[in-house]
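These notes concern the structure reproduced below.
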Amino acid sequence: MELAIHGLTKRYKDKTAVNNVSLTLTPGVWSLLGANGAGKTTLMRMVAGILTPTSGKVQYDGIEIKMLGEAYRDVFGYLPQTFGFYPEFTVADYLQYMASLKGLSKRETNQKIDELLHKLTLADVRNKHIRKLSGGMQRRVGIAQALLNDPDILILDEPTSGLDPGERIRFRNILSEFAQQRIVLISTHIVSDVEYIANRNAIMKDGQIIAVGTTDELVKMMGGKVWQGTIPAEQLHHYERTVRVVTVRNEEGGRVSVRYVSESPGLPDSQTASPRLEDLYLWLFRGEEAVKEDAI
Amino acid sequence: MNRKMRSKLQAALKDQPALQISKEHLTQTMQAARMAYQNRRQRERIQYSAFLLRQVRFIGATVWLLQGLLLLCAFWLFGFAITDTVSDLAPRHLPVLLGCFAVFIAMTGIPFIGRSAQYRMLEVEMATRISIPKLLLTRILLIGIGNVLLLTVSLLLARTGTEFGTGNIAIYLLLPYLIACCGCLFIQIYAHGRHQGFACTTYCFFLILLLFILYKTAPVVYKQASVGVWGALCALCAVILAAGLYRLLHKAASLDLCANGI
């Protein structure tokens, strides 16, 4: 099984959202990392077949997805960035509606809904109106919808936004279990969400893929560029202007321990630290607001 | 395999010059094909008729309730009020009443216009097996079933106790109905998603007002002599409606074409 993206480009009037992207997705969890506006959502929509590319093509096992039509959508699960629902829908109504659009039989629908509600701990809210649920629960309903047809290709756009730490861990576990022999593509700007579950990562910037590899391969690129040093707290403001700070931790005696990325040590008595994906992200997205989240 | 794919494969095969087929390769191909077939996951999928039935709960139930209320109004208006000599509604007002009622019938579909975009369901619905064009057709079909029933009942009720022929009554109902449908359809194609419902409602009320104004200022429009023109306009509207429907379904096939709402 293979999903190949060949020279995909999407141009709007005055902006190129995705610029000549080529990528071959194989079974496993793939993360698509990038800052807001990098072109992740546009790329995902084109892979989902709901947005027409300006040029380039997407092939599933060698056949263009446009040709496959409903056969492609049949093996496809998609969670868009914005979760929508009709206001009169309960959780069960929504899933039944989506199951009918996915062409599931009644028997399979009931079986799948029971299974997913249990897995995503939504069984208690089965008959509740979606509009009355919290953002995290609504997101889980969206994830359940994407998994209804047991897809071979699962595309999730910012799936963890709004989930609390516990829900994120549960989501990661479900995904790891699900991804066997399937292609899962997760777009996010929250590095910690994918650092431990993604088999491979693609990093996107300004509409282009700038790096592809396993977490270890990508992290190796940061060898000798991640440092840790301790400075007096009052000097932090000064150093923040000269180095790219990843984390700051308060120490005793009015000092702070600073982890930062730099070509050379920028703080006195700095020592190299073992790099993480988050460091690479910050390195690549210099000048852009990075979303940093504490590891769960 | 869809039709496009099948014809492309057939064309590619025809383009090939006569090939030397080796028995060994043929056996290998057969084995590979058999293995691929056995390895594929069996997916049981419902037919369109089953899908249509399941949409009754989500679309049909609401719209049919609305149309049911309108049906009661039809019984009151054409079955009782218009034939009751005590009532202010004299049979001579029938053409304009039929027209206004037909516009109301068309209006029962307005709550479903732009609904997917309004509630941000468009993307997720587009990525499903059924896809948006088929879903739209299903909605139109379910709304249309109720509308046809309402139009038929109105026609049958209005026919009794009036001097107008069945053909005339049908035309007095159909033309305003088709004009209302055409307008709403084009609003759906060209207007922004958020404003579609409001624009359609305004358009329909404007149409009702126009029918009244015409009745008051140019009653000749409703005379027997104009029926031919009404008939021609009906045919024209039917063609425009079909073209609009085709345009809407084409627009619904891609998110960049229907980002404003479907």
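Report the residue count in region B:216-231 for those that are outside any helix (DSSP H, G or I) and under 28 Å from the mean Cα position of the chain (by Cα).
0
Here's a check for you: in region B:2-26, which residue that is of a type in the set (A, V, I, L, M) and away from every other protein chain (no Cβ under 14 Å) is farthest from the chain's Cα centre (by Cα)?
Taking the candidates together, the pick is B:Ile21.
Among the numbered criteria (1) within 12 Å of chain B (Cβ to nearest Cβ); (2) in a strand (DSSP E or B), which single criterion is violated by A:Gln59?
Against the list (1) within 12 Å of chain B (Cβ to nearest Cβ); (2) in a strand (DSSP E or B), A:Gln59 comes up short only on (1).
In this structure, does B:Val124 turn out to be of a type outside the set (Ser, Thr, Tyr), out of contact with any helix residue (DSSP H, G or I) (no Cβ under 8 Å at 6 or more places or on another chain) and closer than 30 Å to A:Gly103 by Cα?
No, not satisfied.
Could you grab me the full set of residues in region A:118-156 that are away from chain B (no Cβ under 14 Å) and in a loop (DSSP other than H, G, I, E, B)?
A:Leu120, A:Thr121, A:Leu122, A:Arg126, A:Asn127, A:Lys128, A:Leu133, A:Ser134
With the requirement that a residue be facing chain A (nearest Cβ under 7 Å), among the hydroxyl-bearing types (Ser, Thr, Tyr) and assigned to a helix (DSSP H, G or I), what does region B:126-141 give you?
Within region B:126-141, B:Ser131 is the sole residue that qualifies.
Among the residues of region B:216-246, count how many are crowded, with 16+ Cβ neighbours inside 10 Å, at pLDDT 85 or above and not aliphatic (A, V, I, L, M).
Counting residues in region B:216-246 that are crowded, with 16+ Cβ neighbours inside 10 Å, at pLDDT 85 or above and not aliphatic (A, V, I, L, M) gives 5.
When you scan region B:91-125, how many residues do you find that are part of a loop (DSSP other than H, G, I, E, B) and modelled with pLDDT of 85 or more?
Here the count works out to 5.
Would you mind stating whether A:Arg170 is surrounded by fewer than 21 Cβ atoms within 10 Å (Cβ to Cβ), away from chain B (no Cβ under 14 Å) and among the basic types (Lys, Arg)?
yes
Among residues belonging to region A:88-115 that are at the interface with another protein chain (Cβ under 7 Å from one of its Cβ atoms) and part of a loop (DSSP other than H, G, I, E, B), point out the one that is farthest from A:Thr160 (Cα to Cα).
If we take residues in region A:88-115 being at the interface with another protein chain (Cβ under 7 Å from one of its Cβ atoms) and part of a loop (DSSP other than H, G, I, E, B), then A:Ser105 is farthest from A:Thr160 (Cα to Cα).
Residues that are in contact (Cβ under 8 Å) with a residue 24 or more places away in the chain, at least 2 per element: which helices (runs of 4 or more DSSP H) completely within region A:157-250 meet that?
A:165-178, A:191-194, A:215-220
When you scan region B:27-67, how many residues do you find that are of a type in the set (Ser, Thr, Tyr) and facing another protein chain (nearest Cβ under 10 Å)?
Going through region B:27-67 one residue at a time, the tally reaches 2.
Which of the following residues is surrounded by fewer than 16 Cβ atoms within 10 Å (Cβ to Cβ), assigned to a helix (DSSP H, G or I) and either modelled with pLDDT of 85 or more or of a type in the set (Val, Ile, Thr) (or both): B:Ile179, B:Ile187, B:Ile213?
After applying the criteria, what remains is B:Ile213.
From the list B:Phe112, B:Phe104, B:Phe186, B:Phe164, exactly one residue is away from every other protein chain (no Cβ under 14 Å), of a type in the set (Phe, Trp, Tyr) and under 30 Å from A:Met46 (Cβ atoms). Which is it?
That would be B:Phe186, the only listed residue that is away from every other protein chain (no Cβ under 14 Å), of a type in the set (Phe, Trp, Tyr) and under 30 Å from A:Met46 (Cβ atoms).
Within region B:14-24, identify whether any single residue is over 23 Å from B:Tyr222 (Cα atoms), at pLDDT below 85 and hydroxyl-bearing (Ser, Thr, Tyr), and answer yes or no.
Yes, because at least one residue in region B:14-24 is over 23 Å from B:Tyr222 (Cα atoms), at pLDDT below 85 and hydroxyl-bearing (Ser, Thr, Tyr).
Going by the conditions given, is B:Arg159 modelled with pLDDT under 90 and closer than 30 Å to A:Arg73 by Cβ?
No: the conditions fail for B:Arg159.
The values are calculated or read from the model by the stated rules, or taken from the named source; none is laboratory data. Quantities reported herein were computed from a predicted structural model and do not represent experimental measurements. Don't worry about glycine lacking a Cβ; one is built from the backbone with ideal geometry, like all the others, and counts go over all protein chains shown.
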